[in-house]
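Student: First, the structure itself, so that you have it in front of you.
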Amino acid sequence: MIRMFERHKVRNVAELDGDWDFEPVPESAAGRPPKRYRYRMPVPDCWESHPEFRTYRGRAFYRRQVHCPQAGPVRLVFHGVSHTATVYWDGRKVGSHYNAYTAFSIVLPAVRAGVHTLTVEADNSFGPHSALHKPNDYYTYGGLARPVAMECVGPVLLERIFATPRRSGRGWTLDVRFALRNLSRQAFAGTLTADVAGQTFSAPVRLRPRQAREIAGAIRVSGVTAWAPESPALYTLTAVLSDADGRPCDDLIERVGFREVKVKGRKILLNGREIRLRGFNRHEDAADFGCAVPVEVMRQDLALMTDLNANFVRTSHYPNDERFLDLCDERGFLVWEEHHARALMADTMKLKSFPKQIADCDREMVLDHYNHPSIVMWGVFNECESFTALGRRYYEASVRRIRALDASRPLTSASCYPEKDRTLDLFDIVSFNRYVGWYWGGPDMIRPALDKLLAWIGKVGAGGKPFLMSEFGAGAIPGWRADRRTKWTEEFQADLLAASLDVYLKHPRVNGVAIWQFCDVRVCEEWFHSRPRCMNNKGVVDEHRRPKLAYETVKTKFGDNP
Ligand code: ADA
């Protein structure tokens, strides 16, 4: 399953789930598919789920046969290869991609009908070639962790749809852009039609050979239900491209939610009404599955967060699997999605690999996830170098890039540098991560520290913006209960979260909170000294989603402060 709804009725799509041939190779064999494959590996999955590869860091090849029922263009779609993919078609290199958390596709313009060999080289090694995936307080797994599909397409591809809802009068208008690409050497003449909420849009299409272009329009709708947490109404937008004889030659189906999110003064408005956010930071990580979190666990996570009276989730610290975002759309969860960055400093930003890797991630995240109504803000650079001119240049570049791709959503960034941060002016919403009572101070310091922070934010001119407590929390070893209630006990975590939520949920300047974190997650072994079990143990549930003592505390506090 690639998405939670069917995206094509015309286009021929084959999902390539199942066991592939698998063979780890040494660095010296990079770029050379092996002749012999000794293993079988499930796709999607990460190789750490296999008993022999629990801690494997390096390269491996995946291989399988695919059958193309017709001659013509083929589009290979990879929703997440961790963390670098090199793709071969019948032994010839046809493309590559960096970053486990964003999708990529490769178009082969002319493929003969019949059986072909698809080979993917995955590499999860660390080093200067990888600026974003590095030894970190989360684990970089290896393999084809998200779904793979092969599409047999026609001469013209309906590549993307961008649907931007805006309120107009008592109804809504959907500004739409259709991205088309002529894959053939012949000119194309046809018609594009799109249906949504009972309305139809139609436009002639003329494309020169190999031409890519957009067709834009505005579809006025009435009688629709606005998308909101209490009414997550979704509408199917079906676009069909037909040739000059009226024969459908491609299609693309999207889901839209009619909602507007804006910042007005110190308020975050959804459809003109102020929203207050209460929820969690969530890594894509689950016991036995690593980052290849199955849809069943995604559903369970949202059921637990709903039970906890949460309405908000931050995709810390990278773009998420689209199926999770689909589920957030369906359940009315509000999402802060962010590009892939955690604690990147000048040494990383100076790597040759960094500029393109962060720019690609910005673009792929926004272009692919644009239509999700649940995403109400974009985030960048979690706890990165926001206090130097070098760092600020990269913050500015990402903000500029994302705003150019999407003018409809506010931007934020989670900082941990009060008194030093030089980037607050770039964002619509100010967010800070503070671990008062865990890394320093005690519960009695929570309120004074917040007031001091807010005073400084005001002093640097960002006091007129909404403010989010984007991270706070404490570690608790699952099952460790002790009446002395010291750090690492479940009691301590429950006590500190209670004290923190009593301040943050009631403070008039705090628009929302995201607890660090929803579930315990695996971390890189380089972090063993401060991460018992080689896990980040600040989850309110453990890696198996078993509640800790803090679960009931959070449920009550969130429930008492809607
Ligand atoms: C930081 C960081 C998180 C996590 C957290 C912690 O705020 O953003 O990814 O590392 O600290 O557990 O200390």
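Student: Of 534, 46, which has the most accessible area with a 1.4 Å probe, and how do the rest follow in descending order?
Tutor: If we order 534, 46 from most to least accessible, we get 534, 46.
Student: Another question about this same structure. Step through the table entries 267/465; 459/506; 262/465; 506/555; 264/465, compare each Cα-Cα distance with 19 Å, and write down the pairs that go over it.
Tutor: 459/506
Student: Rounded, prolate or oblate: which fits region 277-560, taking a ≥ b ≥ c as square roots of the Cα gyration tensor eigenvalues, rounded meaning a/c under 1.5, else prolate when a/b beats b/c?
Tutor: Rounded.
Student: Would you work out which of 97, 398, 443 lies farthest towards the positive end of the dipole of the chain, given +1 charges on the beta-carbon of Lys and Arg and -1 on that of Asp and Glu, about the Cα centre?
Tutor: 398
Student: Let me ask something additional. Would you work out if the chain is rounded, prolate or oblate? Take a ≥ b ≥ c from the square roots of the eigenvalues of the alpha-carbon gyration tensor; rounded if a/c is under 1.5, else prolate when a/b is larger than b/c, oblate otherwise.
Tutor: Numbers: a/c = 1.86, a/b = 1.29, b/c = 1.45.
Oblate is the answer for the chain, as a/c is 1.5 or above yet b/c matches or exceeds a/b.
Student: At a 1.4 Å probe, what is the % contribution of carbon and sulfur to the accessible area of the chain?
Tutor: With neighbouring chains kept in place, the figure for the chain is 51 percent.
Student: With a 1.4 Å probe and all protein chains in place, put 364, 23 in order of accessible area, largest first.
Tutor: Reading off the accessible areas and sorting them downward yields 364, 23.
Student: Oh, and also: Show which lysines lie in cross-link reach of residue 352 when reach means a straight Cα distance below 16 angstrom and same-chain residues fewer than eight apart are skipped.
Tutor: Output for residue 352: 134.
Student: For the chain, what is the calculated [θ] at 222 nm in deg cm²/dmol (nearest 500), taking -39500 (n - 2.57) for each run of four or more DSSP H residues and dividing by its residue count?
Tutor: It comes out at -5500 deg cm²/dmol, rounded to the nearest 500.
Student: How much accessible surface area, in Å² rounded to 10, belongs to the heavy atoms of residue 444 with a 1.4 Å probe?
Tutor: Its accessible surface works out to 120 Å², give or take rounding.
Student: Once the whole set of protein chains is in place, how much accessible area is left on residue 4, using a 1.4 Å probe, in Å² to the nearest 10?
Tutor: Surface open to solvent at residue 4 totals about 40 Å².
Student: Also, I was wondering about something else. Ignoring everything but the protein chains, give the 1.4 Å probe accessible area of residue 460 in square angstrom, nearest 10.
Tutor: Result for residue 460: roughly 80 Å² accessible.
Student: With every protein chain kept in place and ligands, DNA and RNA left out, what is the accessible area per residue of region 93-209? Probe 1.4 Å, answer in Å².
Tutor: Values: 4110 Å² over 117 residues.
Using a 1.4 Å probe on heavy atoms only, each residue of region 93-209 averages 35 Å².
Student: Any idea what the dipole of region 5-84 comes to, in debye rounded to 20, about its Cα centre with Lys/Arg Cβ at +1 and Asp/Glu Cβ at -1?
Tutor: Charge dipole of region 5-84: 300 debye, to the nearest 20.
Student: Counting only protein chains, not ligands or nucleic acids, how are 133, 8 ordered by accessible area (probe 1.4 Å), most first?
Tutor: Output order, biggest surface exposure first: 8, 133.
Student: Separate question: Which of rounded, prolate, oblate describes region 113-242, given a ≥ b ≥ c as roots of the alpha-carbon gyration tensor eigenvalues and a/c under 1.5 marking rounded, otherwise prolate only if a/b is larger than b/c?
Tutor: Details: a/c = 2.55, a/b = 1.32, b/c = 1.94.
Oblate, since a/c reaches 1.5 and b/c is not below a/b.
Student: Ok, one more. Explain nothing, just the number: relative contact order of the chain, from Cα pairs under 8 Å at least 6 residues apart, as a whole percent.
Tutor: For the chain, the relative contact order is 12 percent.
Student: Give, as a single signed number, the net charge of other residues whose beta carbon lies under 12 Å from the beta carbon of residue 152, with Lys and Arg counted +1 and Asp and Glu -1.
Tutor: Net charge around residue 152: +1.
Student: Mean separation of Cα pairs under 8 Å and 6+ residues apart, divided by the residue count of region 277-560: what relative contact order is that in percent?
Tutor: 18
Student: Over what distance in Å are the Cα centres of region 227-284 and region 143-213 separated?
Tutor: Between the Cα centres of region 227-284 and region 143-213 lies a distance of 16 Å.
Student: Also, I was wondering about something else. How far apart, in nm, are two points set 7 Å out from the Cα along the Cα-to-Cβ line at residue 306 and at residue 185?
Tutor: Here the modelled spin labels are 5.5 nm apart.
Student: Averaging sequence separations of C-alpha pairs under 8 Å and six or more residues apart, then dividing by the length of region 156-256, give the relative contact order as a whole percent.
Tutor: Computed over region 156-256, the figure is 29 percent.
The values are calculated or read from the model by the stated rules, or taken from the named source; none is laboratory data. The structure presented is a predicted model; accordingly, all values stated were derived computationally and were not measured. So basically every Cβ, Gly included, is an ideal-geometry build from the backbone, and we count neighbours across all protein chains shown. SASA here: full protein model, heavy atoms, side chains in, ligands and nucleic acids out. Shrake-Rupley method; radii C 1.70, N 1.55, O 1.52, S 1.80 Å.
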